[in-house]
Amino acid sequence: MFTLAHLSDIHLSPLPRARRSDLMSKRILGYVNWHRGRKYVHRREVLDLVTRDLIERKPDHIAVTGDLVNLGLPEEFLRAAEWLHHLGPPSDVTAIPGNHDAYVRLHPEAGTGHWKPYMQSNEAGEIIVPTPPSLFPFVRRFGDIAIVALSSAIPTAPFIAAGKVGSRQRKLLGEALARLGDKGLFRVVLVHHPPLPGQSNWARGLRDAGRTTRVIRQYGAELVLHGHNHEQTVNEIKTVSGTAYVIGVPSASEAIEGRLPAARYNEYRIARKRDGWRVEMIGRSVAANPEHVWESEHRVLRER
Ligand SMILES: [Fe+2]
Ligand SMILES: [Fe+2]
């Protein structure tokens, strides 16, 4: 059995000190938003509780689906790299970027470049699906399990949190899913934005949700994990190789008394059966008085 933990939307706090010159961009709106309310929503103590619980449970692998930072300040990327190191070594943790990680256009070395070891294929994945020059999708393989990591993070205008996979990545996604499917592997797709049409509105959604979903239906996948909406959602889609579960998770730092569900991560237990797969989902959520993490859900997603 393989255990995969999924957490998302870290929105790491506290915010580092920002220079005035750093705020001469879309960041100024984010800065005002942060100090008006978001800092009360995304709390470091909550994230630390979640992280501790997750590390104690020793999953085989951890997937982090974006929005590690808030305004894209250079110092935020360094702090997020430290947080990733605390979570585990790059061989045990896969990360992809979210819209907040592409908040403003930055030289890669000043931004998500700091997370590179967590955002690249492993040897076993590279043999089956070589990483393209554009770096996404990259593939990591762990025995029976293959992770296909997409980037939907694009710089956008103020007030826009949309994403896009893009035609080149969609084509490579199809090829990767086909090859991994031929090998009989359990395919997990990671994408920050919810990939199904209608899951987010125009200003927040994946611009090519319909076309991305069509690729998944056409080539098959077993599990699609995303963040961005800061909510727990479970959807099923029919693909050429059976049902794919499309699952979103709340933010890993969401305060308990918020508008959205409290912080949570999900753990998947995946086991090969003679004629398919058995998959269980365990929700681990934060609750109050005293603040602790508990098993808020435990269900069998598929028996085969
Ligand atoms: Fe987010
Ligand atoms: Fe997001």
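The values are calculated or read from the model by the stated rules, or taken from the named source; none is laboratory data. Since we're looking at a predicted model, the values are computed, not measured. All Cβ positions, even for glycine, are placed from backbone atoms using ideal geometry, and neighbour counts span all protein chains on display. Note: areas computed on protein heavy atoms with side chains; ligands, DNA, RNA excluded. Shrake-Rupley method; radii C 1.70, N 1.55, O 1.52, S 1.80 Å.
Numerical summary
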{"read-out": "Residues satisfying the stated conditions in the range 1-28, i.e. within 16 Å of ligand 2 (Cβ to nearest atom) and either more than 19 Å from ILE96 (Cα to Cα) or of a type in the set (Ser, Thr, Tyr) (or both)", "value": "SER8, SER13, LYS26, ARG27"}
{"read-out": "Filter pass, ALA288 being exposed (fewer than 11 other Cβ atoms within 10 Å of the Cβ), over 14 Å from GLU231 (Cα atoms) and touching a residue at least 24 places away in the same chain (Cβ under 8 Å)", "value": "yes"}
{"read-out": "Of residues in the range 135-149 being in contact with a Phe, Trp or Tyr (Cβ under 9 Å, 6 or more places away or on another chain) and part of a loop (DSSP other than H, G, I, E, B), the one farthest from ALA244 (Cα to Cα)", "value": "GLY143"}
{"read-out": "Matching residues, the range 204-221, being open to solvent by less than 10 Å² (accessible area, probe 1.4 Å) and touching a strand residue (DSSP E or B) at 6+ places or on another chain (Cβ under 7 Å)", "value": "THR212, THR213, ILE216, GLY220, ALA221"}
{"read-out": "Strands (runs of 3 or more DSSP E) within the range 150-259 that include 2 or more residues within 15 Å of ligand 2 (Cβ to nearest atom)", "value": "223-226"}
{"read-out": "Matching residues in the range 33-86 - criterion: being polar (S, T, N, Q) and without any contact (Cβ under 8 Å) to a residue 40 or more places away in the chain", "value": "ASN33"}
{"read-out": "Selection status of LEU177, crowded, with 19+ Cβ neighbours inside 10 Å, more than 25 Å from SER251 (Cβ to Cβ), in contact (Cβ under 8 Å) with a residue 12 or more places away in the chain and touching a Phe, Trp or Tyr at 6+ places or on another chain (Cβ under 6 Å)", "value": "yes"}
{"read-out": "Criterion violated by ARG57 - all others in (1) under 21 Å from the mean Cα position of the chain (by Cα); (2) modelled with pLDDT under 95; (3) more than 24 Å from SER152 (Cα to Cα); (4) open to solvent by 70 Å² or more (accessible area, probe 1.4 Å) satisfied", "value": "(2)"}
{"read-out": "Counted residues, the range 243-276 - those being modelled with pLDDT of 95 or more and either on the phi > 0 side of the Ramachandran plot or open to solvent by less than 40 Å² (accessible area, probe 1.4 Å) (or both)", "value": "19"}
{"read-out": "Subset of the range 182-225 that is among the small types (Gly, Ala, Ser) and more than 16 Å from ligand 1 (Cβ to nearest atom) - its residue that is nearest to VAL148 (Cα to Cα)", "value": "ALA221"}
{"read-out": "Some residue of the range 244-253 being farther than 30 Å from ALA157 by Cα and under 18 Å from the mean Cα position of the chain (by Cα)", "value": "yes"}
{"read-out": "Some residue of the range 139-155 being surrounded by fewer than 20 Cβ atoms within 10 Å (Cβ to Cβ), closer than 20 Å to HIS228 by Cα and either free of Cβ contacts under 8 Å to residues at least 12 places away in the same chain or within 16 Å of ligand 1 (Cβ to nearest atom) (or both)", "value": "yes"}
{"read-out": "Subset of the range 260-304 that is in a strand (DSSP E or B) and basic (Lys, Arg) - its residue that is nearest to LEU12 (Cα to Cα)", "value": "ARG264"}
